[in-house]
Every structure is written in structure tokens, then in C-alpha cells.
1. Run the numbers for K17 and D221: contour at 0.36 nm per residue of separation, minus the present Cα-Cα distance, in nm.
2. Tally the DSSP beta bridges in the chain and give the antiparallel ones as a percent, rounded to 5.
3. If you bin every alpha carbon distance in the stretch 1-103 into 5 Å steps from zero, what whole percent lands in each bin?
4. To the nearest 10 degrees, how steeply does helix 77-99 sit against the main Cα axis of the chain, on a 0 to 90 scale?
5. Can you tell me the order of 31-44, 90-103, 277-290 when each peptide is scored by its average per-residue count of other Cβ atoms within 10 angstrom, highest first?
6. Once you place label points 7 Å from the Cα toward the Cβ at V245 and F202, how far apart are they in nm?
7. If the chain between H317 and S78 were fully stretched, how many nm would it gain, using 0.36 nm times the residue separation less the Cα-Cα distance?
8. Can you give the extra length, in nm with one decimal, that the chain gains between E167 and A117 once fully stretched, where that is 0.36 nm per residue apart less the Cα-Cα distance?
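What follows is calculated from the coordinates using simple rules that are stated; it is not laboratory data. Everything quoted here is computed from the prediction, not taken from an experiment. Ideal geometry is used to build each Cβ from the backbone, glycine not excepted, and the neighbour counts take in all protein chains shown.
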Amino acid sequence: MRSGVIFDVEGRRITIKELNQERMDPDFWDDPDRAREIEKRIAREEEWIEAWEEVKAQAEDLETLQLLAEEEDEDLESEIFAEAEALERKLDRLEMQSLLDDPDDERDAILTVNPGAGGTESQDWADMLLRMYMRWAERNDYEVKMVAYQPGEEAGIKSATITVSGEFAYGHLKSESGVHRLVRISPFDADSRRHTSFASVFVYPEVDDSIDVDLSEGTMDFQTFRSGGKGGQHVNKVDTGVRLVWEGELSNGEEVEIRAECTEERSQLQNRNRAETMLRSRIYQQERQIREQKKEQIESQKKSIEWGSQIRSYVLHPYKMVNDHRTETKISSVDAVLDGEIDTLMKEYLLMGRKDRDTSPA
């Protein structure tokens, strides 16, 4: 059975003990926000320990089954194989949960896809990426909601934003922020030439009432327009679409303009409320990056959607290969990846982040 730094079972038990001691402080609830965070952390760690104990017990049962098969010469191969596969799946889930240790990882995610230069070709690629993430969410029982959608003129999309709700949605999807490159024989080229297309993906955690983002510290421009999404005749005939443009100063003194829009609700008020949540989430993400001093993360969001800035390449011609340039993970089953099987790519990204933290100087 796997062990090591990632699982660190004893370290988690020590953490629970220390946090429980902190709970005994008479002034514990003087800071309600801090107290709630500690309560959540204890519950999360205890849930992990319980899952670990279940996996450990299952591994011991499997070992007993193997010994029984050897001693009594029984044909238990199929049963042992099934139990081993189930154990492997549980270990994979536990390992992923161990890697999702950032406080924001358990939040819902907001994901936006935009095509790069290239017209119909890149707009179609952006639509393929959007489908990939929606299929991934469906495979993992996450709830997906389209909140903004601008179709392309001939095919694909000009822009789309979805929310992905469920356990550790942001923690999984944060690996996808960046520029994605596609190489293929274009279905829109009469001469069947090979084309390279780019699209950008931005992922940020959705804020809730536990996070205070004061929009009054900047200026807000409120705009309405006719929705062009999939909301039906009512949406398309009435100015229900809402766009919010916030101009203000971040904590590091940087002047920014941040936009958010929502088109998919039936009423202007619903669209405004959703757009305001998205706006607060985007501001929070900017401040989060500043707070953590991850300069490379900030710079990656400023890169143009062009050659040389991609985080991942999807090659369909002359051979088939997905290559994540950050982790150098290569997968030949491109069709499966584009159908939402991206867990391996996500896991390798999280493992890389853990290794970087473990090897960085204190």
C-alpha cells in the first residue's frame, strides 16, 4: 500500500490534536471567521483519517484473501482482482484529496473559455475545450451551469463562462488556467491544410458570504444588453444580459479594470446578482495571487493567446498526442482527453505543485 509524504497520516493526527487544543481556548469564538475555518479544517482532517482507516482495513482484507487462496488452493483470482481495482480507485481519490490542501480548493469554480486569434478555427477549438470541461464535470458528478455564452458567427464560441459546483471543484480545475493549443487538419479549410489554434481558459474560486470583497472601493459601470445565448426567445428579445465593469486599485497599488457578465438567467436582476458574484470572485482571485506572492501565476494570466505561451498542446495531426508542457505529461488517447478524461493531467499538475513546495527553501 502507498505511503509517504503525500498521505502523512501521523502529521494529520497531530494537526487535529493541535486544532482541538486551540478550540479549548475561552476566547476561541471571539474571532468567528477564524473559528469557523478551524472547525472546517478539523472536520476535513477527521474525514480524511476515517477514509484512510477504511482503505487500510480494505488492504488488510485483500491480503487475507490472497493468503486464503494460497493456503486452500481456491480459485479466488477474479474476486482478488476486483477488490484490488476497488482499492486502487479509493487510493487515487485519497491521494487527490491529499493534494487539494489549499483553503480555496474546496470551493466551487468559475471557468471562462475565450478563443485566440484565428476566427472560426479558434472559436471551434474554444467550443471543443468547453465541451471537454463539461464532460469532465458530468463524469465526476459535478453540477454545471452556463452563465454567459456568445456563439461564433459560423461555428464555435466567442466566449463562454460556466460555474462548476461540487466538492473540490476549484481544486481540480485550477490546473486548467492558461493557453491551450490545438494542431489539426482544419475542417473549415477546403484545401485540408494543417492549422494551429489557441484558446485561453481562466479558472477562479467562487466566493461566498464568508469572503468580504468590497466593490465600493472602486467605480462600477452597469451595462445591459440583449442576451445572445441559449435562453430562448424571451431572453433574446429583452435587455436581460448584464455586464459589470469594475475599476479600482488592488492591495499592491495596481489599477485594474475587471469585467463580468451573465446572459443565461431569465431576469435582469438574476443576471446582475450572478455577474456580481463573478466579479467579486475575480477580484478575490487577483488579491489571492498577490497575497500568495505567486508572480509566475500573475504573469501567466497576462500572456497573449499565441504561440509560446501555451500550457498544453493537443495534436491531432500528423500523430495524436496531448502534452502538458508544465509537467511533461504525455497522453496518446487524445479523443478520450477531449471527451473529459483529464484527471491524470490534473493529478500530475497537483503533484508538481506539492514537489515544488516540499523542495522550496523555508
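1. Computed gain between K17 and D221 is 68.5 nm.
2. Details: 50 of 55 bridges.
Among the beta bridges of the chain, antiparallel pairing accounts for roughly 90 percent.
3. All Cα pairs, binned at 5 Å, distribute as 2, 11, 18, 17, 13, 11, 9, 7, 5, 3, 2, 1, 0 percent.
4. Taking Cα atoms only, the helix is inclined about 60 degrees.
5. Numbers: 31-44: 13.2, 90-103: 16.1, 277-290: 20.6.
Output ranking for 31-44, 90-103, 277-290: 277-290, 90-103, 31-44.
6. So the two model labels end up 1.4 nm from each other.
7. Working: separation 239, 0.36 × 239 = 86.04 nm, distance 4.01 nm.
Working it through step by step, the gained length comes to 82.0 nm.
8. On the way: separation 50, 0.36 × 50 = 18.00 nm, distance 3.47 nm.
Fully extending the segment from E167 to A117 adds 14.5 nm.
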